[in-house]
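The values are calculated or read from the model by the stated rules, or taken from the named source; none is laboratory data. Because the structure is a prediction, the values reported are computed rather than measured. Please note: Cβ atoms are built from the backbone with ideal geometry, for glycine as well, and neighbour counts cover all protein chains shown.
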Amino acid sequence: MSMRILHTSDWHIGRTFHGNSTMDALAEVLGALTEQVRENAVDVVILAGDVFDSATPSGAAYTLLGDALVSLHETGARVIVTSGNHDSAARLGFQSRLLRDGIHVLTDPLAVGVPVTIADADGPVHFFGIPYLEPAIVRQHWPEGDSTGRQLRTQAQTMAHAMDLVRAGMREHEGRSVAVAHCFAAGVDATIGLEREVRQGGLDVVPLSAFDGPDYVALGHIHGRQQISERVRYAGAPLHYSFGEQHKPRGSWLVEEHADDWVCAVYTDAVPQPEPMRRLRESYPHCAMVQHQPVATGDVEEKSYVQRLRTAVTDADRIEAFLEHVRAGHGATEVEHELIRAVLDERVRAEALV
C-alpha cells in the first residue's frame, strides 16, 4: 500500500477572534482531524508552520498542542512539525527533545538538508523540514551566501538557498522526497485567505521554480487550502480566523505516494534532462516511459527552422536558430552562450594556424 500523508498547517493555537478565544473550537477541529488520520490509516502527519499564534504562547496553548500531538501519535502515525513566522523556533524546538519517538519538531535552519526518513513497503521517504527563514536572522548561518555568492537579503533568496540544500540532501538519500516549508509562493490565489503579514508586505514572493525537485511540497502560511501545482500545495488553516476568510476552503490534504504505480512521465523543461529515466526510477521504480515535451514560450512567434535560418548571419546565430527550433522557442542559456563562443573562437584560432 502507498504511503499516506496528511498535510495540515497554520493551527495558530492561541489566536483570538475579535476578542473571543478559539481554543475550544480548535480542539474540536483537531479532534476531527485525528479521527481522519485514524480512519484513513495515515502514515505521516505534516504540520507546516504557525503552530502557535504567538512567539510566547500561553500554558493552555502548550497543553492543547501536546494533547493534539499525542492523540495523532496514538493513531500510529508519525508526526513532523516545522515552525512558521508566528512561532518562536527556539521555544517550539526546545520541547522536541522532550517528545516521544515518532514526533519530530524541525526548527534548525542548519539541518534543512538532513531528512527525517520514514520507510514503507516501497522503500524510504525522506522528509526535509524547512523552518520559517527570516533573512536578517538566518543569514548568519550562511555568510558565504547562495551558490552564486550573493548575500541572502530576501526570503526568496533564502528559501532558494534552503531548497538547494534540500536537493543536495536528496542526492545523498535515494528514494521519494517531501519538502515542508512556510512561505508565500508565487501562484497563490490572492483571494484565498492571505495571511495578514502578506497583505502588509511582510513577506516577499518565492518563485515556484524554487521548489523543483521533491515529489511533494507541503506549504504553510496561506490560510485558504489551494493547489499551486500538482506537487506544491497549501493546506490552509483549520479554522476561519477572520470574517474575510468565511468563504475560503478549510481542511487538509491527504496525499498518497504511489511509488509502485506504472508511470509515464512527461516533463516540459526547455532543455532535455540527463538520464531522466534513471533519475525517475530512483523514486518510481515502475517508470515505464519518459517523454520530453517542452512548452513553447507564449510570446515567441512560431517559426519553421528555415525561417529561423534566414535571419541568421553568424555561426552563433545559426546555432541559436537550431536551439530555438528544437526547444520550442528557447535559445541558449548564458552558460551555453559562453561555451558556444569558446568553441567558435577555438575553431577560428585553429583555422588561422592552417
**Hits in segment 1-28 - residues which are under 25 Å from Val42 (Cβ atoms) and part of a strand (DSSP E or B)** = Met3, Arg4, Ile5, Leu6, His7, Thr8, Ile13
**Request:** Starting from segment 59-83, take each residue that is within 19 Å of Glu28 (Cβ to Cβ) and list its partners that are among the aromatic types (Phe, Trp, Tyr), counting only C-beta distances under 6 angstrom and pairs at least six apart or across chains.
**Result:** Ala61/Phe52
**Message:** Within segment 44-62, take every residue that is in contact with a His (Cβ under 7 Å, 6 or more places away or on another chain) and either acidic (Asp, Glu) or in a helix (DSSP H, G or I) (or both) and give me the one that is surrounded by the fewest Cβ atoms within 10 Å (Cβ to Cβ).
**Reply:** Asp53
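State whether the residues of segment 282-289 include one that is within 34 Å of the chain's Cα centre (by Cα), under 30 Å from Leu6 (Cβ atoms), charged (D, E, K, R) and at pLDDT 75 or above.
Initial filter on segment 282-289 (within 34 Å of the chain's Cα centre (by Cα)): 282-289.
Remaining after also requiring under 30 Å from Leu6 (Cβ atoms): 282-288.
Filter once more, so that each one left must be charged (D, E, K, R): 282.
Imposing the further condition that a residue be at pLDDT 75 or above reduces the set to none.
No, segment 282-289 contains no residue that is within 34 Å of the chain's Cα centre (by Cα), under 30 Å from Leu6 (Cβ atoms), charged (D, E, K, R) and at pLDDT 75 or above.
Can you say whether Ala316 is farther than 30 Å from Arg176 by Cβ, assigned to a loop (DSSP other than H, G, I, E, B) and modelled with pLDDT of 75 or more, as far as the supplied structure shows?
Details: farther than 30 Å from Arg176 by Cβ: yes; assigned to a loop (DSSP other than H, G, I, E, B): no; modelled with pLDDT of 75 or more: yes.
For Ala316, the condition - farther than 30 Å from Arg176 by Cβ, assigned to a loop (DSSP other than H, G, I, E, B) and modelled with pLDDT of 75 or more - is not met.
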**Request:** Output the number of residues of segment 1-38 satisfying the condition of being over 25 Å from the mean Cα position of the chain (by Cα) and crowded, with 21+ Cβ neighbours inside 10 Å.
**Result:** 3
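Suppose the filter is outside any helix (DSSP H, G or I), surrounded by fewer than 19 Cβ atoms within 10 Å (Cβ to Cβ), in the same structural domain as Arg231 (by TED's automatic domain parsing) and at pLDDT below 95; does Ala41 pass it? Write out each step before concluding.
Details: outside any helix (DSSP H, G or I): yes; surrounded by fewer than 19 Cβ atoms within 10 Å (Cβ to Cβ): yes; in the same structural domain as Arg231 (by TED's automatic domain parsing): yes; at pLDDT below 95: yes.
Here the answer is yes, as Ala41 does meet what is asked.
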**Prompt:** What strands (runs of 3 or more DSSP E), lying completely within segment 63-149, carry at least 2 residues that are crowded, with 19+ Cβ neighbours inside 10 Å?
**Reply:** 78-82, 103-106, 123-129
